[in-house]
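The structure appears right after this line, and notes come after that.
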Amino acid sequence: MNFKTLSKKLLAAAVVVACGFGFGACTENPGEGNEGGGTVTTVKVDFGAETYEMLPGQVIKLPFTITGIGNKEVIVEARTNNEACAVKVVRDEFLGDHVEFTAPKITEQELSVIVLIEVKDTKGNKLEVTSSTDGGYRTTVIIAKSNELTVAFQSVTKSIAIKAGESISLPVVVSGIGAATIGEPTLSVTDGWTAAWAWTNKEKGFGNVTLTAPATLGESVTLKVTIGDDFNRSATMDAQMSIVAITTVKDAANCHIVAPGETLTINAVKGNSAEKLTFNNATLVWQEVKGLVKSVSANANEGVIVVELNEGVSYGNAVVAAKQDDVIVWSWHVWVTDYDINAEENIMKYTYQKKDTTGAVVESEDFYWMDRNVGAYNGNMWDDGAMGLLYQWGRKDPFTGSDGEASSRVREKYDINDNVIYDSIQVRPVYGDHVSTNLELAIQNPTVFYTSPSSAWPVVDWLTDDTQLQNHDLWGGVSGHKSVYDPCPYGWKVPIAGKAWSFRKQYNKPSGKLTDDGPYDETYPWYIYHDMEKATGFRYKAPGTDKEWWFPFCGERGPNDGKFTGSDGSGMFWAANANATTAFAEVFAWGNPASESGLNRTYGASIRCIKDADVE
């Protein structure tokens, strides 16, 4: 399309320009146009850029320069080929000459809008317009397509946990509103049920649907929500939700073991405390086996989160969360296994003894260990399922661990629809008020692996870079009691370094050199096989028994980048207590069978729980 044809289809906005009044853009360029009172026939106009991008409803400035008119009065017009867009020529001594461009509030598709400058004399005669570049007197504005109007639950809601006659509120969000004004929704629901709507923030599209159940519950309920706006757009949500029974509530903990295919009802409190949470919905954060979790439901009236598992999936880990609107307020590890955690045959008993110089026992204490890492599918030697999960010290939420022996990969994670999701590795914020820490942000973001900024050295901690604000009791290492952030199941806790782990000192290497290739003495309890294909962990064989307990090399996530280091070289297990600015960890490898070291708290390492003596 040539300029003459295009200009007939363009809408114009004009301003009379009288040069010589100090506007920088009107300053005559020596040698161009007319100086003095001659007739102006040609002017030069240049936009600041060939293209601009913007969102629907926005107003932007399109700067331009005009030269060659001397001190003559001319009319400058801006034109556009889209009547839904508004243009206005603005002459401003300080901001410069520009076209004020207003996009339509709603766009059904991406728009490419042409804006050009025309110049006329005071009699309306069009002047010839040139530019420094080809077509520089016009520019293109790309206006993005408006987001579609949608209405949906704030979290994926496939079921509700409700009792007969009870009411439950479900948060809903209307998205894609943009600059539109939305109306009131219409609701329809299964016969016998009632549904009511209330806005919590209409401007942002947040509302609640309150469902009231009939006296007799069926197997499901269907809800339809339809909403429109002043641009004749509409959106509909059709939701069919199964009714999930609220089963016996589990004891309070951050980790719950549940048998495959069962329904888990979580007491929605902080960790092992009695502090109730404020929430109005629930979600699956991740699952490491596709199809493991069928649905996650919230019932704030009962103070519970109900997790329904699919039948036919025999093991796996998941994290579920309670949310207030769109913010996670707490989350829990769901450990799916047929493992009987309290069965005697699954508990490793170790008796610590301290003797005096005569060999007499002066101190003795029994410790009862799990036979596997937290999140492991089993405790079998040389088994890919024995790896378990990884934790940053002091945090309650796990990260996926190795997907097998001698592997450099962690297990994948999936959402409720089996789509792959990923951890986010972020440098934690720096708080300069000497009061705030990263604790609340970490609770709200259980999938974020927080590293420490380089400026924080020597305090490499996901929580803070202020030694005065480090919390050494996050896992009960100071109090000696299970804490609200402890990641072990009910009745178990993270062990304190020292006595509980001292069985690792029961080894012997006949060569006397830990770093050489010589074998360990297999008659001692703590032993690693000399066959390198089997040297992927240590086994502990309690004196006087034939039972062997497996402690695999699980690898770790790095403290500075969150990247996983392969699982065939070493094992790192957190202890509950801190060591100055670091935290204690039990580290073991071929030439390092029993070290206890202080590690930066941003590491991701394994956990093996012991019985909590405070629980009968």
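If you check THR133, THR139, THR200, which single one turns out to be assigned to a strand (DSSP E or B) and either at pLDDT below 95 or open to solvent by less than 30 Å² (accessible area, probe 1.4 Å) (or both)?
On inspection, the qualifying residue turns out to be THR139.
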### Task
Tally the residues that are at pLDDT 95 or above, open to solvent by 50 Å² or more (accessible area, probe 1.4 Å) and either over 30 Å from LEU111 (Cβ atoms) or basic (Lys, Arg) (or both), restricting the search to region 142-157.
1
### Summary
Checking PHE588, PHE584 in turn, the sole residue that is buried (at least 21 other Cβ atoms within 10 Å of the Cβ), farther than 17 Å from ASP371 by Cα, out of contact with any Cys (no Cβ under 8 Å at 6 or more places or on another chain) and at pLDDT below 95 turns out to be PHE588
### Query
If a residue has to be open to solvent by 70 Å² or more (accessible area, probe 1.4 Å), farther than 26 Å from LYS323 by Cα and among the polar types (S, T, N, Q) to count, how many in region 416-466 make the cut?
2
#### Entry: Number of the condition not met by SER112 [criteria: (1) part of a loop (DSSP other than H, G, I, E, B); (2) hydroxyl-bearing (Ser, Thr, Tyr); (3) surrounded by fewer than 20 Cβ atoms within 10 Å (Cβ to Cβ)]
(1)
### Summary
Across region 369-387, the tally of residues that are closer than 19 Å to LYS611 by Cβ and surrounded by fewer than 22 Cβ atoms within 10 Å (Cβ to Cβ) stands at 1
### Scan of region 529-577 for residues that are more than 20 Å from GLY385 (Cβ to Cβ), at pLDDT 90 or above and among the aliphatic types (A, V, I, L, M), ordered by number
ALA575, ALA576
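Quick grid of which residues meet (1) among the basic types (Lys, Arg); (2) touching a strand residue (DSSP E or B) at 6+ places or on another chain (Cβ under 9 Å); (3) modelled with pLDDT of 95 or more; (4) under 28 Å from MET370 (Cα atoms):
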{"position": "ASN438", "(1), (2), (3), (4)": "no, yes, yes, no"}
{"position": "ALA442", "(1), (2), (3), (4)": "no, yes, yes, yes"}
{"position": "GLN468", "(1), (2), (3), (4)": "no, no, no, no"}
{"position": "SER479", "(1), (2), (3), (4)": "no, no, yes, yes"}
{"position": "SER483", "(1), (2), (3), (4)": "no, yes, yes, yes"}
{"position": "GLY491", "(1), (2), (3), (4)": "no, yes, yes, yes"}
{"position": "VAL494", "(1), (2), (3), (4)": "no, yes, yes, yes"}
{"position": "ASP517", "(1), (2), (3), (4)": "no, no, no, no"}
### Query
Got at least one residue in region 501-522 being open to solvent by less than 10 Å² (accessible area, probe 1.4 Å) and within 23 Å of PRO398 (Cα to Cα)?
yes
#### Entry: Qualifying positions in region 553-584 - of a type in the set (Phe, Trp, Tyr) and outside any strand (DSSP E or B)
PHE553
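Look at GLY218 and say whether it is of a type outside the set (Ser, Thr, Tyr) and either crowded, with 17+ Cβ neighbours inside 10 Å or at pLDDT below 95 (or both).
Judged against the criteria, GLY218 is a match.
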## Note on the structure
Residue pairs qualifying under the 8 Å Cβ cut-off, at least six apart or on distinct chains, with the first in region 112-124 being on the phi > 0 side of the Ramachandran plot and the second being surrounded by 18 or more Cβ atoms within 10 Å (Cβ to Cβ) and assigned to a strand (DSSP E or B), are GLY124/ILE75
### Message
Any residue that is in contact with a Ser or Thr (Cβ under 6 Å, 6 or more places away or on another chain), small (Gly, Ala, Ser) and either part of a strand (DSSP E or B) or touching a residue at least 60 places away in the same chain (Cβ under 8 Å) (or both) - is there at least one of those in region 187-195?
### Response
no
### Failed item in (1) in a loop (DSSP other than H, G, I, E, B); (2) within 30 Å of ALA252 (Cβ to Cβ), with MET532 passing the rest
(2)
### Task
Kindly check whether there is at least one residue in region 261-280 that is among the charged types (D, E, K, R), farther than 19 Å from GLY303 by Cβ, outside any loop (DSSP other than H, G, I, E, B) and open to solvent by 20 Å² or more (accessible area, probe 1.4 Å).
no
### Query
Cβ-Cβ below 7 Å, separation at least six or inter-chain, first residue in region 491-504 and outside any loop (DSSP other than H, G, I, E, B), second of a type in the set (Ser, Thr, Tyr) and open to solvent by 10 Å² or more (accessible area, probe 1.4 Å): which pairs?
LYS499/TYR352; SER502/TYR352; PHE503/TYR350
### Task
Name the one entry in GLY476, GLY537 that is of a type outside the set (Val, Ile, Thr) and over 30 Å from GLU616 (Cβ atoms).
GLY537
## Note on the structure
Of the residues in region 20-65 that are over 17 Å from VAL87 (Cα atoms) and assigned to a strand (DSSP E or B), the one that is modelled with the lowest pLDDT is THR42
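Table: residues versus (1) aromatic (Phe, Trp, Tyr); (2) closer than 25 Å to ILE610 by Cα.
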site	(1), (2)
ASP516	no, no
ASP521	no, no
ARG539	no, yes
PHE588	yes, yes
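Given ASP366, ASP340, which one is open to solvent by 40 Å² or more (accessible area, probe 1.4 Å), without any contact (Cβ under 8 Å) to a residue 40 or more places away in the chain, within 27 Å of GLU405 (Cα to Cα) and of a type outside the set (Lys, Arg)?
Unique residue meeting the criteria: ASP340.
The values are calculated or read from the model by the stated rules, or taken from the named source; none is laboratory data. These figures come from a predicted structure and were not determined experimentally. Methodologically, a virtual Cβ is constructed for each residue, glycine included, from the backbone with ideal geometry; neighbour enumeration extends over all protein chains shown. With ligands, DNA and RNA removed, areas are computed over all heavy atoms of the protein, side chains included. Shrake-Rupley method; radii C 1.70, N 1.55, O 1.52, S 1.80 Å.
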